[in-house]
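Written below as structure tokens is the structure these notes are about.
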Amino acid sequence: MAKILGVGGIFIKVKDTKAYTAWWKTHMGVEVSDYNSMEWPSDNQAFTLVSPFKNETDYFEPSTERFMINLRVDDVSGMIEKARAGGAKIIGDINDEGYGIFGWFIDPAGIKIELWQHN
């Protein structure tokens, strides 16, 4: 049965991605990855990250929000079908990137949701 396993990450638009993560590292003691994201591993499968994107990114489109939520799921296809049945706008096709399977939809509040199934 398709279900959400947890939050994979929160992606936010910022003017200067390097300055943003540098602030968190300097002032809050957060480790910054080689990908310029702040990650908190928990159990070798689940982890949460916050990742800044440049203001000009089109990755959050068609949503106009400054953030996007990534959810870890056990079955992207099944979750996309649940979203579709609930009236969500499905964005693009399901993609297997080798390190995970991804799908996207716009929720009722207009927020882009990215679904991630770890390979």
Handout entry: Residue that is modelled with the lowest pLDDT [pool: residues in the range 73-106 that are of a type in the set (Val, Ile, Thr) and closer than 14 Å to Leu5 by Cβ]
Key = Val73
Fill in the blank from the handout: Condition set more than 14 Å from Lys3 (Cα to Cα) and surrounded by fewer than 18 Cβ atoms within 10 Å (Cβ to Cβ), scope the range 107-118, selection modelled with the lowest pLDDT: answer is Pro108
Fill in the blank from the handout: Here the qualifying pairs (Cβ atoms under 6 Å; residues six or more apart or on different chains; first in the range 66-86 and more than 18 Å from Gly100 (Cα to Cα); second surrounded by 14 or more Cβ atoms within 10 Å (Cβ to Cβ) and of a type in the set (Lys, Arg)) come out as Arg66/Lys13
Practice task
Determine which member of the set Gly92, Gly98 is more than 27 Å from Asp16 (Cα to Cα) and either surrounded by 14 or more Cβ atoms within 10 Å (Cβ to Cβ) or more than 16 Å from the chain's Cα centre (by Cα) (or both).
Solution key: Gly98
Practice task
Please list, ordered by first then second residue, the pairs with beta carbon atoms under 6 Å, 6 or more apart or interchain, first in the range 15-30 and outside any loop (DSSP other than H, G, I, E, B), second among the β-branched types (Val, Ile, Thr).
Solution key: Tyr20/Val14; Thr21/Val32; Trp24/Val30; Lys25/Val32
Practice task
Inspect all residues belonging to the range 43-54 and state whether any of them is among the aliphatic types (A, V, I, L, M), part of a strand (DSSP E or B) and touching a helix residue (DSSP H, G or I) at 6+ places or on another chain (Cβ under 6 Å).
Solution key: no
Fill in the blank from the handout: Output for Cβ contacts, cut-off 8 Å, separation at least six or different chains, first residue over 12 Å from Tyr59 (Cα atoms) in the range 101-119, second charged (D, E, K, R) and modelled with pLDDT under 90, reads Trp116/Arg72; Gln117/Arg72; His118/Arg72
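The values are calculated or read from the model by the stated rules, or taken from the named source; none is laboratory data. Values in this document were obtained by computation on a predicted structure and should not be read as measured data. Virtual Cβ from ideal backbone geometry, glycine too; neighbours counted across all protein chains shown.
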